[in-house]
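Below: one structure, written as structure tokens.
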Amino acid sequence: MNNFIVTKEYKRFAEFCKACQKENYIGLCYGSAGVGKSMSAWHWARWDKVEDDINQAVPYVVGSKPSIDMESLNTIIYTPEIADSPKNIKNEIRNLMLAFNRLKEKSIYKDEEIPCNVSMNYVKTIIVDEADRLQPRGLEQLRDIYDRNQVAMVLIGMPGIEKRLARFPQLYSRVGFAHPFKSLSEEEVRFIIQQHCSTFGIGIDEKDFTDNEAIAAITRITQGNFRLIMRILKQAVRIMEVNQLSCISKEVVDAARECLVIGNIY
Ligand SMILES: Nc1ncnc2c1ncn2[C@@H]1O[C@H](COP(=O)(O)OP(=O)(O)OP(=O)(O)O)[C@@H](O)[C@H]1O
Ligand SMILES: [Mg+2]
């Protein structure tokens, strides 16, 4: 997560989560495979760090102090297993909430003793990633958790999830916002290529025709899909290293593309 790039789409996603939180709504976020939905959610919740803290102790028993400042954090991320049972969903989310609240208390009270009569819920948003995996009874379970806990909920899935959920009127009536997660614009693709190449000491010159041609080829092949951009760039750098090339070009990008399986992502 150290290499997370703050894109326009991430900022829109963050605004969407904040809006859901403010209104205590269920929000639906959907986008094609690899556009960056999960990475954005993890970054927003600082979940790489929080999950580490939660997992470090005996499952869901938080022992030591949190490794980051938890003051502004209030979100947990739950990724259901394939064909998860409603009971498991309920237990997993409850355990995550408990562990998150323990972490938060440790962060608030620091070295002081935590008053035993204090039992607050600090979780304001539950993000459910891979929500396409949920069966009708699992979705019903989520609605129950939402109703009982007065939290916001953000469901992340593939395009089409919004139509599927419309078949569950009670859950659907609680959906306040829908957010289509789009792929990257051409300028952002250019920015990401520049960032990535600079870490390998490869310069990109805006006025250089060969560089511009290579960027155009990557944009065309990947259609702004983050996962594909990262894959094609890694492969291109490998090809350049093997061939001792110092500049990226359309030919390098085409050779990289031939090594990759790029299916239909839309
Ligand atoms: N903001 C970002 N900064 C840096 N890299 C990113 C970012 N967003 C996405 N990526 C890259 O794109 C890859 C795919 O992102 P991610 O797993 O979030 O996609 P997704 O939309 O959740 O896909 P899926 O629907 O398949 O789960 C990541 O592994 C990472 O390499
Ligand atoms: Mg994902």
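The values are calculated or read from the model by the stated rules, or taken from the named source; none is laboratory data. These numbers were taken from a predicted model, which means no experiment stands behind them. Cβ: placed from backbone, ideal geometry, glycine included. Neighbour counts: every protein chain shown. SASA here: full protein model, heavy atoms, side chains in, ligands and nucleic acids out. Shrake-Rupley method; radii C 1.70, N 1.55, O 1.52, S 1.80 Å.
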(message) I need the full set of residues from the range 246-266 which are surrounded by fewer than 14 Cβ atoms within 10 Å (Cβ to Cβ), in a helix (DSSP H, G or I) and without any contact (Cβ under 8 Å) to a residue 12 or more places away in the chain, in order please.
(response) Glu258
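Looking for whichever is in the same structural domain as Gln150 (by TED's automatic domain parsing), more than 16 Å from ligand 2 (Cβ to nearest atom) and in contact with a Gly (Cβ under 6 Å, 6 or more places away or on another chain) here; the options are Ile89, Ile26, Ile68. Which one fits? Spell out how you get there, then give the answer.
Numbers: Ile26 fails: in contact with a Gly (Cβ under 6 Å, 6 or more places away or on another chain); Ile68 fails: in contact with a Gly (Cβ under 6 Å, 6 or more places away or on another chain).
Just a single option satisfies the conditions, and that option is Ile89.
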(message) Step by step: first the residues of the range 221-243, then only those that are in contact with a His (Cβ under 9 Å, 6 or more places away or on another chain) and of a type in the set (A, V, I, L, M), then the one that is farthest from ligand 2 (Cβ to nearest atom). Which residue is that?
(response) Val237
(request) Look through the range 161-175, keep the residues that are touching a Leu at 6+ places or on another chain (Cβ under 9 Å) and farther than 30 Å from Thr222 by Cβ, and return whichever of them is most open to solvent (accessible area, probe 1.4 Å). (result) Tyr172
(request) Scan the range 149-159 for residues that are at pLDDT 95 or above and open to solvent by 60 Å² or more (accessible area, probe 1.4 Å) and jot them down. (result) Met158, Pro159
(request) Identify, from the list Asp144, Asp129, the residue that is over 14 Å from Gln21 (Cα atoms), at pLDDT 95 or above and under 21 Å from the mean Cα position of the chain (by Cα). (result) Asp129
(message) What are the pairs with Cβ atoms under 9 angstrom where one residue, in the range 150-167, is on the phi > 0 side of the Ramachandran plot and the other, located anywhere, is open to solvent by 50 Å² or more (accessible area, probe 1.4 Å) and in a helix (DSSP H, G or I)? Sequence gap at least six, or different chains.
(response) Gly160/Asp132
(request) Please identify the pairs in which a residue from the range 30-52 that is over 11 Å from Ala14 (Cα atoms) has its Cβ atom under 6 Å from the Cβ atom of a residue that is near ligand 2 (Cβ under 8 Å from one of its atoms) and part of a loop (DSSP other than H, G, I, E, B), counting only partners at least 6 apart or on another chain. (result) Ser38/Asp129
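Evaluate the range 233-241: report whether one residue or more is closer than 23 Å to Ser32 by Cα, of a type outside the set (Lys, Arg) and not assigned by TED's automatic domain parsing to the domain that holds Gln135. Steps first, answer last, please.
Filtering the range 233-241 down to residues closer than 23 Å to Ser32 by Cα leaves 233-235.
Then keep just the ones that are of a type outside the set (Lys, Arg); that gives 233, 235.
Those still in the list that are not assigned by TED's automatic domain parsing to the domain that holds Gln135 too: 233, 235.
Yes, there is a match, as at least one residue in the range 233-241 is closer than 23 Å to Ser32 by Cα, of a type outside the set (Lys, Arg) and not assigned by TED's automatic domain parsing to the domain that holds Gln135.
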(request) Only residues in the range 177-190 that are more than 13 Å from ligand 1 (Cβ to nearest atom) count as the first member; pair them with residues that are of a type in the set (Gly, Ala, Ser) and in a helix (DSSP H, G or I), Cβ under 7 angstrom, at least 6 apart or cross-chain, and list the lot. (result) Phe177/Ala19
(message) Restricting to the range 130-158, name every residue that is within 16 Å of ligand 2 (Cβ to nearest atom) and of a type in the set (Lys, Arg).
(response) Arg133
